[in-house]
Amino acid sequence: MSEETKLLIETEEKSHSSSGNSDDYAYEISAQELKSWKTNYGALEGTKDLLPVKKQITFTWCDINAYGQEPPDPNQNKILSFFKRGKGATKHILKNVNGIAYPGELLVLMGSSGAGKTTLMNCMTFRNLRSLEISGLVCINDQPVTQTQLAAQSAYVQQDDLFIGCLTVREHLIFQALVRMGAHLTYEERLQRVEEVMGELSLKKCETVLIGEPGVIKGISGGERKRLALASELLTNPSLLFCDEPTSGLDSFMSLNVVQILKTMAQTGRTVICTLHQPSSELFQIFDKIGLMAEGRTAFLGTLQEADSFFTKLQAPCPVNFNPADYYIQILSIIPGREDSCKQAVKCICDAFETSSVGIRIKKIAAATKESAADQDLWSNRQRLLSPYKVSWWAQFKAVSWRCWLSIKRNPRVTKVKLYQVFFVSILFSLLFGHQICDQRGVQNINGALFIFLMNATFWNLMGVILSFCGELPLFLREHKNGMYRTDVYFLAKITSDIPVYSLINAMGTTICYFAIGLNLEVTRWLMCVLICVLVTFTVMGAGYVISTVSTSIQMAQTLVTAVVTPFMIFGGMFLSINSVPVYLQWLADLSWFKYGNQALLVNQWSNIHEIICDDDSFCPQNGLVVLASQGISVDDLWPSLIALVILIVVFRIISFLALLHKAYYFE
């Protein structure tokens, strides 16, 4: 029986004995306390929440060796280092690392910076190994496992919490349940599991609160974000849980809360392995076992009592009233200026552990596991997806589309800001271009206004697509890597969910400006103008998808916008006559949506204008056909321009999908 359970029983007995005639009231208070404790810290020992024995996992890693390239010398000439790429010295990062984690235990890996704990965690989970050469075995219940086999029975909570900030806590977990839980489960069963997990991790009180984005949307706290990340992984009820720095960025109270949750998970029969950076003494006492890494070797792996006994035998006991975690990390650190002596001390400690009773026992278990395992290359399959898809293509598409639509609908940068832009530009257009007369001056103003239509359609939508699409790419890459949904599912869901909002906003803005300016008042001409602007919008969105998928960050994408838009705008026909484009630059004009949009808008506006009011006959166009001829445009250019826009819409999306597919395949 745990200390917390004993404390609750003692409190309840004390309440009964001192209550007098208020026994019923005392019992009610005690029950509330018990319920509160179970809500905050999970199920008590011995309850039905224990994991079945057949599902419990003993996780072993045997003789793990990792080799990587030495980092380049910062003092070396950059030109020489470029020609010497791939010929650098090999660094032995992990050196015959063995270990074992049992069900019902919380094992915490610790070590100073560069000790190898992150690389070991990556090796155990088959992640971020592209630049490394790995050897050894990773085993579950004495059987070697591959990347896919491990992912089917485990979950991995990464250090960085990536969410769609416009979703509520409950909506996020529903989406996770739709794509991560088995296809045989009904929607009601998935919702029931969501409710159970929210109850276990104390997320019920914030289930309707937006997750939020720092500096953009106010949302849940840092501790709740960590618990939400844990809840996302617990939906599938994994037997093995990996956590990378679960307390990163949290205060001491929230850190204690998160680690206590991990402890409770371990008490239900799960195997929990995590890395922590300098935990407090209060957190340290919660751990079942610790693993100390130093210089790529195992300096210790065992219980807290075994650690104290081991370092005491080495005549290096932890001082009284000193945080053991800080002390162990300190004596295993490489201090600048004392590298040789520190490395020698670390070598002695690692050698002493290998010859200790605990080290010998772990080495024997690892050796026996390796002998019983058939020879196979576990690391050759690491480029594959971490886990198979749990649901069908259509189920993935519906879930991702639902999430994308919620994100767009609630994203102020896509809805409110764009509506404000349309309102402001409409007022400005009404003041500057309102009620144009079909005369010599009006021709110039109308042509300029039509080109501004194209510029608005470009800049309104290009930056919006880049901010939304590029901002979600890290989350997509992580979820795709975890086998939640396919690349084509995400891409199709994203581009289809963008269509309604972008179409409606741009059609509304075009309509307001169209009638405010007083353009061609035939209904068919107005509808054609709206169609042209919507097609230009879709083309611009396609260009935004391309820029987003080839860029490595939002900053890079924003920089590329100017480089892409400027030449296309120059070849649009307003600043440079289409007929005067040099032959060797014709391909740029052929890719310019400004060119095709401008041609279509001008033909739509002027092809049926038979008379223009002129003050000066020598320079004034007599009718709309003369206006078109002066721009180098023919009446027959309308439909070819529309077809060219449709082709650009398709081509840009194909290019962006291939770029996204390439990025998803090579992402680690």
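The values are calculated or read from the model by the stated rules, or taken from the named source; none is laboratory data. Just so you know, these numbers come straight off a predicted model, no measurement behind them. Methodologically, a virtual Cβ is constructed for each residue, glycine included, from the backbone with ideal geometry; neighbour enumeration extends over all protein chains shown.
I'm trying to understand the selection: among the residues of segment 439-472, which are among the hydroxyl-bearing types (S, T, Y) and modelled with pLDDT of 85 or more? The answer is T458, and nothing else. Would it be correct to say that I633 is part of a loop (DSSP other than H, G, I, E, B), closer than 30 Å to E522 by Cβ and in contact (Cβ under 8 Å) with a residue 12 or more places away in the chain? Yes; evaluated as a whole, the condition is true for this residue. Screening the candidates Q586, Q631 for the property of being over 19 Å from F453 (Cα atoms), under 49 Å from the mean Cα position of the chain (by Cα) and not β-branched (V, I, T) yields one hit, Q586. For segment 500-558, the tally of residues that are without any contact (Cβ under 8 Å) to a residue 12 or more places away in the chain and within 19 Å of I609 (Cα to Cα) stands at 5.
When G215, G269, G222 are checked against the criterion of being farther than 24 Å from T58 by Cα and in contact with a helix residue (DSSP H, G or I) (Cβ under 8 Å, 6 or more places away or on another chain), a single residue qualifies: G222. Residue-level check: of (1) at pLDDT 60 or above; (2) over 30 Å from the mean Cα position of the chain (by Cα), Q376 misses just (1).
Screening L201, L210 for residues that are modelled with pLDDT of 90 or more and not assigned by TED's automatic domain parsing to the domain that holds L107 leaves exactly one candidate, L210. Does W526 qualify as being surrounded by fewer than 17 Cβ atoms within 10 Å (Cβ to Cβ), in the same structural domain as F451 (by TED's automatic domain parsing) and in a helix (DSSP H, G or I)? Against the criterion (surrounded by fewer than 17 Cβ atoms within 10 Å (Cβ to Cβ), in the same structural domain as F451 (by TED's automatic domain parsing) and in a helix (DSSP H, G or I)), W526 does not qualify. Of all residue pairs spaced 6 or more apart or on separate chains, those with beta-carbon atoms under 6 Å, a first member in segment 54-66 that is small (G, A, S) and a second member that is part of a strand (DSSP E or B) are A66/I93; A66/L94; A66/I134. Among the numbered conditions (1) surrounded by fewer than 19 Cβ atoms within 10 Å (Cβ to Cβ); (2) in contact (Cβ under 8 Å) with a residue 60 or more places away in the chain; (3) among the small types (G, A, S), the only one that S202 does not meet is (1).
Residue-by-condition table, conditions (1) charged (D, E, K, R); (2) part of a helix (DSSP H, G or I); (3) surrounded by 18 or more Cβ atoms within 10 Å (Cβ to Cβ):
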position	(1), (2), (3)
Q149	no, yes, no
L162	no, no, no
L173	no, yes, yes
A177	no, yes, yes
E189	yes, yes, no
L228	no, yes, yes
S232	no, yes, yes
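Residues that are among the basic types (K, R), farther than 19 Å from N447 by Cα and either in a helix (DSSP H, G or I) or in contact (Cβ under 8 Å) with a residue 24 or more places away in the chain (or both) occur in segment 652-663; there is at least one. Any idea which residue in segment 432-468 is farthest from I649 (Cα to Cα), counting only those that are small (G, A, S) and in contact with a helix residue (DSSP H, G or I) (Cβ under 6 Å, 6 or more places away or on another chain)? Checking each candidate, the answer is G434.
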